[in-house]
Structure formats: C-alpha cells, structure tokens
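Values in this text are rule-based calculations from the coordinates and carry no lab data. This structure is a prediction, so every number in the text was calculated from the model and none was measured. Every residue, glycine among them, receives a Cβ derived from its backbone with ideal geometry; neighbour counts consider all protein chains shown.
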Amino acid sequence: MEIQKHFKVTLRGLRATYGLSQKEAAEAIGVGLETWRNYERGITSPDEKKLRVIEKVFNISYDDIIFCRQLRLNRNKVTE
C-alpha cells in the first residue's frame, strides 16, 4: 500500500527532525514503544484520534503526514 509506505517514512522523518528516539516519540503521542515501532514498520497504523495527536505534537497536517509533504528527511539522525 503506497500510503502506508509514505506514512512510515514520514514518521521516521518527523522523529529525525525533532531529534527524538522511538521511545521519546512514542511517549510524546501517548503510545507504547512497540506500538510506535509498528507504526514505523508499517505493521499497524494509528487510529484517527492518534493521528490528531501526531498532528499537534509534530505540528504537521494530516495530508502532510500521509503524503510525506513539506518534510525534509535527515536519515543520518534517525536512531533505533
């Protein structure tokens, strides 16, 4: 699924942009570490409520989350 691919790339990029570990990102949106890891792997996706939290925490719109827009990825900073 193409959207799922963009979504997991966006989450990794957001973490890198904010300099967060997976654990820190998970805590910021109120999920467990394994849940965040599953989001990044594309195994599961957040529900609408969690997407709204991600929007607020990372100051990004739903469309930008899903379609990986307006996000500069710094893969060198991604941890874990």
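Candidate cross-link partners of LYS8 among the aspartates and glutamates, defined by an alpha-carbon separation under 15 Å and a same-chain spacing of 8 or more, comprise GLU34, GLU40, ASP47, GLU55, ASP63, ASP64, GLU80. Phi-derived couplings, Karplus 6.51 cos²θ - 1.76 cosθ + 1.60 at θ = phi - 60°, listed residue by residue for segment 53-61: 5, 4, 4, 5, 4, 9, 6, 9, 7 Hz, with x used for Gly and Pro. Summing charges over neighbours of TYR39, with a neighbour being any other residue whose Cβ is under 9 Å away from its Cβ, gives +3 when K and R count +1 and D and E count -1.
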